[in-house]
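For reference, the structure discussed in these notes is given below.
Bear in mind that the values in this text are calculations on the coordinates, not laboratory data. From a predicted model like this one, the values you see are computed outputs, not experimental measurements.
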Amino acid sequence: MKLCECEEEISDARYKLGYKTCIECGEKLAKKEIERKRNCIAPAYNKGAYQYIATYEEALDIGR
Ligand SMILES: [Zn+2]
């Protein structure tokens with residue numbers, strides 16, 4: 001029987017699926033991963049919106 005870093009047992013079935021953590025720690029890691037991805041995606045969207053606005057303002061300048 002494999003042990004998680006929190007010393008909780010990891011079932012063989014779970015370990016064979018590639019998990020190195022117990023269910024509880026696995027869920028915590030999954031939530032962290034989701035948070036991390038959300039933080040990475042958000043600035044990318046903001047940048048895209050900013051670029052769109054910059055281009056729009058440029059277009060207005062050209063029109064003057
Ligand atoms: Zn654990």
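The stretch 1-18 to the stretch 19-42: how many Å between their Cα centroids? That distance is 17 Å. Once backbone amide H atoms are built at 1.01 Å from N, ILE10 has LYS2, LEU3, CYS4 as its partners under 5 Å, excluding neighbours fewer than 5 places away on the same chain. Applying the Karplus relation 6.51 cos²θ - 1.76 cosθ + 1.60 with θ = phi - 60° to the stretch 9-18 yields 3J(HN,Hα) values of 6, 9, 5, 4, 4, 5, 5, 5, 6, x Hz, where x marks Gly and Pro.
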